[in-house]
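Beneath this line is the structure, given in structure tokens, with notes to follow.
The values are calculated or read from the model by the stated rules, or taken from the named source; none is laboratory data. What you see is a predicted model, and the numbers here were worked out from it, not measured in a lab. All Cβ positions, glycine included, derive from the backbone under ideal geometry; neighbour counts span all protein chains shown. For accessibility, only protein heavy atoms count, side chains too; no ligands or nucleic acids. Shrake-Rupley method; radii C 1.70, N 1.55, O 1.52, S 1.80 Å.
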Amino acid sequence: MFGRSRSAPSGRSALRAALAFTVFAALAALGAAHVRLRYSVDGTALFWSNSESVPFQIQSDGSDDISDGSHVPAIRAAAQAWNMAYGSRARLVEGPATNRVDWQSASVQLILFDEDNASGFFPGASSTVAITPVTFFTDGRIADADVIFNGKTFRFTTDGEPGHFDVEDVAAHELGHFLGLDHSGVCGATMYPYVDSTVILHRSLSYDDVGGMRSIYPAQSFGRVNGSVVRASDSSAVAGAHVVALDADGRVAGAILSTSSGAFALTGLDGGTYTLYADPLDQPVSGSNLGGGQTVETDFQTTALGTVSVPAGGAVSLGTVALAAQGSVQLGRVSDDFPQRIVLGETVTRTVRGAGLVAGSTLTCSDPGLSFTNVSWFDSAVAFDVEVPAGAVLGHVDLTATAPGGDRDTLVGGLEITPPDPTVVGVSPAAGDLAGGASITVSGAGFRPGARVVLGGRIYRDGDASGCQIVDANTITLTTGETLAGRHDVVVVDETGVEGRLGSAFAVDVAPIVTTTFPSVGAATGGTRIVLTGDHFVPGTQVTIDGQLQTQVFVASPTRLDVVTTGGTPGGPHVLRVISPSAGFFAETAFTYVDTPDPEVTLVTPDEVDRSGGVQVSLFGDHFDASTRVVFGVDPRTGSGGRTGSGLDLVDDGLVRVTAPSGALGTTSILVESTATGQSITIEEGFTFTGELDVDDGGGGGCAAVVPPVPGPPSARDVLGGGGWILLAFLIAFARARRAAVPIEV
């Protein structure tokens with residue numbers, strides 16, 4: 001991809017990311033009302049055979065950028081979006097949170113944040129923001145899938161922090177791959193292959209995304225439109241033409257790519273009247289955004305295919321339609337942030353880039369009720385004001401540019417009509433108990449049926465048995481369930497994904513709990529890194545040791561607290577106190593200072609050995625002694641577990657050699673401990689056991705097949721980086737035209 005800087009009237013820049021498969025992905029996508037992940041060798045489509053109960057678990061460490069646990073309801077909401085796809089039997093089922101990180105294993109389907117490239121997917125300054133490795137049998141049955149966020153290079157948010165990627169937005173896209181979908185050519189779809197850090201509209205599924213679920217996992221019969229497309233010039237078939245259906249309101253109802261023979265079968269449609277057209281998949285989505293092996297031809301222009309009435313559950317044929325020759329107009333570029341949001345009852349200014357956008361052209365919309373004014377053409381961009389009636393139907397609408405000579409191009413689903421953001425102005429009462437049971441009222445404006453309230457790690461969805469009730473546009477009521485400790489934002493999220501929030505509006509005051517302290521001994525000079533596990537750790541938590549405030553305290557999650565000691569008086573055990581921001585709430589444990597320095601490790605070599613072990617490993621550092629031991633595979637939070645290396649050779653106080661034991665495939669942690677004092681240091685995710693993947697280990701790894709396919713009853717799996725949402729990030733400044741007189745730099 002590319003990146004460049006532009007000046008913008010607002011003077012702000014935004015982080016954008018382009019989504020594409022790695023070059024090793026080998027997928028084909030044919031014949032469905034969306035684009036599916038397929039095995040490139042024979043075109044077999046991927047699917048879960050246990051579609052009614054597809055498991056996943058959220059890794060408990062979460063993101064280093066999010067200390068209040070709010071990534072959990074964000075991921076949960078993304079899963080719920082797919083579960084609510086009407087007409088699909090697919091259901092994502094969340095299991096208990098886990099501290100496992102062995103995503104390679106087929107025994108667990110993880111959603112995790114990789115903060116230090118333990119997965120191996122994010123070396124150097126990786127531009128990959130998230131990836132979904134998918135493991136499958138040669139008959140297409142998915143055996144394992146995992147979602148891995150790149151926390152090493154990128155930052156994530158659940159509250160709209162600038163320059164951070166929205167967890168729910170990213171997770172919704174990744175879970176689409178998890179379920180078997182490739183990227184979509186519909187600009188407003190969740191599976192659209194580009195994302196902007198300022199756009200959250202991919203949280204909600206488009207009709208095209210829903211159509212994908214209906215096609216892969218149908219719960220009933222739906223309508224279907226068949227046909228084929230050829231070139232008007234010589235009647236040759238057009239492969240990879242993007243065939244789109246609009247419903248009676250002009251909203252995008254689904255899309256499909258034609259096969260190599262030009263045939264298409266647009267499935268998953270409700271009964272009704274549809275207008276169809278074919279559009280070249282050239283910009284902003286192109287064939288390069290899809291899995292390998294797909295032929296996408298673009299030597300034609302947007303062409304109407306006709307209007308049909310589709311009976312419920314029935315099929316209609318359009319026959320063969322000739323496509324007009326390629327034109328001079330292109331509408332939409334990767335640098336645009338799609339879908340461009342337009343709001344009920346408001347007039348907004350928008351800009352779309354492209355080519356051949358010359359003076360004298362016309363701009364139209366698939367919904368004639370929308371009004372365009374102040375339209376200005378700049379050859380490579382068009383700026384316009386769009387007015388949305390207050391009663392317009394929500395959804396994705398097309399934008400079409402037609403040149404003076406008649407050439408035209410359509411931006412499929414490029415505009416999304418949403419309601420205004422909801423507004424939260426008050427919560428009463430403003431406090432509750434950890435166990436829940438508080439009957440609260442949320443007041444504000446713009447609350448619509450189907451909205452959800454996110455509060456204290458829980459989602460309360462309108463209409464659910466344990467959800468919330470939308471009393472009217474200004475009032476929501478709910479009864480709290482078990483709620484995380486701390487002060488929480490109260491967030492109202494509309495079905496379209498737009499939200500309103502009132503910061504720190506609800507409090508749950510409770511004492512923290514400390515379960516383990518590791519290590520419990522450190523140097524009196526300070527600098528010992530302690531990990532505390534427990535519960536109810538909240539932002540603003542303080543720690544003292546022997547009454548002395550520790551200045552480096554990091555709330556990693558509600559269950560993990562990291563502390564770097566400032567040092568103190570040798571002896572003890574001293575009282576280590578964890579103090580909640582709420583006055584009077586604290587927990588205590590013990591910590592001892594000693595005169596001897598902590599062991600240090602500066603280099604482990606080799607840091608990769610075969611899983612069978614037996615290889616001598618050298619550890620360089622300082623303060624090693626005769627009581628030193630080295631343990632491979634420990635839990636970095638508690639120091640427990642793992643296997644001790646054998647034959648330790650203390651060369652001097654700066655070098656020890658030890659023979660690595662056998663270990664489980666993947667990256668793990670090493671503990672170096674002085675058994676004489678109990679001082680230790682842990683190298684988290686600093687060592688890797690390598691080896692061949694097999695059926696018992698599960699899959700994983702990039703977008704390449706690492707286990708050769710075996711025909712017949714499958715006894716091996718192919719590993720594919722899932723159509724993973726590979727986000728190739730680059731910085732780009734927006735150019736915005738506020739009025740016709742302002743030129744747009746392109």
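General observations
- Take each peptide in 515-527, 244-256, 641-653, count the other Cβ atoms within 10 Å of every residue, and average; sorted highest first, the result is 244-256, 515-527, 641-653.
- Accessible area of the stretch 133-197 divided out per residue, in Å², using a probe of 1.4 angstrom: 17
- In the full protein context, the stretch 250-398 carries 34 Å² of accessible surface per residue, based on a 1.4 Å probe and ignoring ligands, DNA and RNA.
- With Cα atoms, 0 to 90° folded angle of helix 71-83 axis to the chain main axis: 40
- In this calculation the C-beta distance from A312 to A97 is compared with R0 = 35 Å, giving a FRET efficiency of 0.25.
- The chain: proportion of alpha-carbon pairs further apart than 32 angstrom, %: 58
- Whether the stretch 145-193 is rounded, prolate or oblate, judged on the alpha carbon gyration tensor where a/c under 1.5 counts as rounded: oblate
- For the stretch 566-610, the pair-distance distribution built from all alpha carbon pairs, in bins 5 Å wide starting at 0, is 5, 14, 14, 14, 12, 11, 11, 11, 6, 2, 0 percent.
- Protection proxy ranking for 269-275, 170-176, using the average of other Cβ atoms within 10 Å per residue and placing the highest first: 170-176, 269-275.
- Heavy atoms of T347 accessible to a 1.4 Å probe, total area in Å² rounded to 10: 80
- With each label modelled as a point 7 angstrom along the Cα→C-beta vector, the F372-D625 pair spans 7.9 nm.
- Accessible area (Å², per residue) of the stretch 522-622, counting only protein heavy atoms and a probe of 1.4 Å: 45
- Between the helical axis of 207-216 and the longest alpha-carbon principal axis of the chain there is an angle of about 80 degrees.
- Three-way shape label, the stretch 257-323, alpha-carbon gyration tensor, a/c 1.5: prolate
- Efficiency of FRET from Cβ geometry, Q616 and T347, R₀ 60 Å, rounded to 0.05: 0.25
- The Rg/Rh ratio of the stretch 404-516, with both radii computed over alpha carbons and Rh defined as the Kirkwood radius, is 1.20.
- Alpha-carbon Rg/Rh ratio, for the stretch 540-694, with Rh computed the Kirkwood way: 1.04
- Restricting the calculation to Cα atoms, the stretch 314-471 yields a radius of gyration followed by a Dmax of 22.0, 68 Å.
- Largest first and in whole Å, the equivalent-ellipsoid semi-axes of the stretch 196-246 read 29, 20, 8, each the square root of five times a Cα gyration tensor eigenvalue.
- Dimensionless Rg/Rh of the stretch 33-127 - Kirkwood Rh, Rg from C-alpha atoms: 1.00
- The chain: calculated mean residue ellipticity at 222 nm from DSSP helix runs of at least 4, using -39500 (n - 2.57): -1500 deg cm²/dmol
- Share of alpha-carbon pairs per 5 Å distance bin for the stretch 242-369, given as whole %: 2, 8, 16, 20, 20, 17, 11, 4, 1, 0
- Cβ-based charge dipole, the stretch 198-249, positive-most Cα from T198, Y217, G227: Y217
- Solvent-accessible area of the stretch 76-166 (1.4 angstrom probe, protein heavy atoms only): carbon and sulfur portion equals 51 percent.
- Separation of the stretch 240-265 from the stretch 76-95 is 25 Å, based on Cα centroids.
- Rounded to the nearest angstrom and listed largest first, the equivalent-ellipsoid semi-axes of the stretch 464-548 from its Cα gyration tensor are 40, 13, 12.
- The stretch 368-426 - percent of accessible surface contributed by carbon and sulfur, probe 1.4 Å: 50
- Distance (nanometres) between label positions extended 7 Å along Cα→Cβ at R448 and S261: 4.3
- Contact order, relative form, for the chain: 16 percent (alpha carbon pairs under 8 Å, 6 or more residues apart, mean separation divided by residue count).
- Cα-based shape type of the stretch 81-221, given that a ≥ b ≥ c are square roots of the gyration tensor eigenvalues and the cut on a/c is 1.5: oblate
- Ratio of the Cα radius of gyration of the stretch 413-472 to 2.2 N^0.38 Å, where N counts its residues: 1.29
- Contour excess over end-to-end distance, with Cα ends at A664 and Q326 and 0.36 nm allotted per residue: 116.1 nm
- With only the Cα atoms considered, the stretch 475-633 has a convex hull volume of 195 Å³ per residue.
- A protection proxy built from the mean count of other Cβ atoms within 10 Å ranks the segments 573-580, 547-554, 209-216, 619-626, most packed first, as 209-216, 573-580, 619-626, 547-554.
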